[in-house]
Amino acid sequence: MELFHNPRIDWLGKKWYFLGFSLIFSVSGLLSIFFWHGLPLDVDFRGGTVVRVKFAQPPDADRIRAAIDKAGLRDARIQQPYGPAVNNEVLVTLSRSATNESAIDQGRAAIVGTLSQNYSPSAAQNQGKLDLDNASGTALTSWLEQQDPEHLGNSPDAETRYQDQANAVTHYRDADHSGIIDSIGDLRGVVDPAVLTALQQGAYLSGFSVRSVEIVGAQVGKQLQHQAELATLYSLGGMLVYLWFRFELIYGVAAVVACFHDTIITVGAFSLSNQEISLTVIAAILTLIGYSMNDTIVVFDRIRENLRLSRREPLADLVNRSINQTLSRTVLTSGLTFLTVLSLFLFGGEVLRGFSFALVVGILIGTYSSIAVAAPMLVAYQDWRARRGRTASLPAAKKARV
């Protein structure tokens, strides 16, 4: 399918505009990385504790941040919203990076205590009562045993009886209502009347619930960061060797420079937008490196074919013609891929946000760099050799045998 019939766009004539565009975005990203937002690494790389909190009402990020600062957790990061906005969920990242069970409990307790004291409007008037939104099954069982609403005393069945009641409450809260109970009165029919009365008198609803706690150790995070850097460098080096073998060294250098240009702009876009870079983002960057390289190879292969047919044609004109001949293929392939990842970015949810954002930026920049960075480098190299009085070194394709 051919979208453009014999286009005659002078791509090389616009190389200085392309250079200015690349410099603006590359330098802006680098300035943001070194002097503004820095490199916003996800907990996968820097280590820490990630706590997912669900609220009964739409959460106020400023109030949450103020509450956390007031509690002295000044290194915490808040991501809101997490998932669909109707879920009323927030992701809080703490610097705690120990990987034992006590660290998980500490992270959970730190967030629950902080929000209870400084965010929940009902905490002050319910001092000493049980927080039913965040009580574990064990804690609720122990509380019921102490209150003994059914007057079981030291009966052998007391622990089992109250454990069943506590399990019924936590199942109703976590499985049926996603961690949030609208009213203690809603437990009527779930627990015995005596237990319900005890909960109404001695428990309260804080309006938020800690849904999960995850931990990544600092040492593991550094190892992941190092491995991600090596994966990116190895992929660029491997492609350089392949193109050196498949075409010639200058082709490989031009393609790798274009891919490095794409990577810098994509990472800079994350820094400028202050979005965290996670393992899935690294996977997206490696994907776009391969995608950009494939698009560049298509253009280079057409240049090499045309060199065999038109040896005396000026190289700049030949490169322009080669790019124009592959333009329909480039627009169709990149356009359809871009529509796919754009849909993923718009409708894929928070979990895929970083991955899809990297692909959206990377496909646009990768397609652009194949035309505006890699191809002009071939012409610039040829002109440099001509000024030094050397012969052309760009190889042409061999004639096919019949």
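The values are calculated or read from the model by the stated rules, or taken from the named source; none is laboratory data. Computed from a prediction, not measured in an experiment: that's the story for all the values here. So basically every Cβ, Gly included, is an ideal-geometry build from the backbone, and we count neighbours across all protein chains shown.
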Check your understanding: Among the residues of the range 272-290, is there at least one that is of a type in the set (Ser, Thr, Tyr), buried (at least 20 other Cβ atoms within 10 Å of the Cβ), assigned to a helix (DSSP H, G or I) and assigned by TED's automatic domain parsing to the domain that holds Ser28?
Key -> no
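Tally the residues that are part of a loop (DSSP other than H, G, I, E, B) and charged (D, E, K, R), restricting the search to the range 112-145.
Taking the range 112-145 first, the residues part of a loop (DSSP other than H, G, I, E, B) are 119-123, 127-129, 132-136.
Keeping just the survivors that are charged (D, E, K, R) gives 129, 133.
Result for the range 112-145: 2.
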Point to revise | Yes/no for Asp131 being surrounded by fewer than 19 Cβ atoms within 10 Å (Cβ to Cβ), of a type in the set (Asp, Glu) and assigned by TED's automatic domain parsing to the domain that holds Asn88 | key: no
Practice item. Pull up the range 35-73, narrow it to residues that are in contact with a helix residue (DSSP H, G or I) (Cβ under 8 Å, 6 or more places away or on another chain) and charged (D, E, K, R), then point me to the one that is farthest from Phe270 (Cα to Cα). Key: Lys70
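Got a sec? Which of Asp157, Asp176 is of a type outside the set (Phe, Trp, Tyr), loosely packed, with under 15 Cβ neighbours inside 10 Å, within 19 Å of Phe55 (Cβ to Cβ) and at pLDDT below 90? Please lay out each step first, then the result.
Numbers: Asp157 fails: within 19 Å of Phe55 (Cβ to Cβ).
From the options Asp157, Asp176, the qualifying one is Asp176.
Return a yes/no flag: does the range 87-94 have any residue that is of a type in the set (D, E, K, R) and free of Cβ contacts under 8 Å to residues at least 40 places away in the same chain. Even if it seems obvious, please write down each step before you answer.
Narrowing the range 87-94 to residues of a type in the set (D, E, K, R): 89.
Narrowing the set further to residues that are free of Cβ contacts under 8 Å to residues at least 40 places away in the same chain leaves none.
Scanning the range 87-94, I find no residue that is of a type in the set (D, E, K, R) and free of Cβ contacts under 8 Å to residues at least 40 places away in the same chain, so the answer is no.
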Review point. If a residue has to be touching a residue at least 24 places away in the same chain (Cβ under 8 Å), out of contact with any Ser or Thr (no Cβ under 6 Å at 6 or more places or on another chain), assigned to a strand (DSSP E or B) and of a type outside the set (S, T, N, Q) to count, how many in the range 161-216 make the cut?
Key: 8
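Being surrounded by 11 or more Cβ atoms within 10 Å (Cβ to Cβ) and at pLDDT 90 or above narrows it down to one of Phe18, Phe4, so name that one.
Numbers: Phe4 fails: at pLDDT 90 or above.
Phe18 is the lone residue from the list that is surrounded by 11 or more Cβ atoms within 10 Å (Cβ to Cβ) and at pLDDT 90 or above.
From the list Ser183, Ser120, exactly one residue is surrounded by 13 or more Cβ atoms within 10 Å (Cβ to Cβ) and out of contact with any Leu (no Cβ under 7 Å at 6 or more places or on another chain). Which is it? Walk me through it before giving the result.
Values: Ser183 fails: surrounded by 13 or more Cβ atoms within 10 Å (Cβ to Cβ).
Among Ser183, Ser120, only Ser120 is surrounded by 13 or more Cβ atoms within 10 Å (Cβ to Cβ) and out of contact with any Leu (no Cβ under 7 Å at 6 or more places or on another chain).
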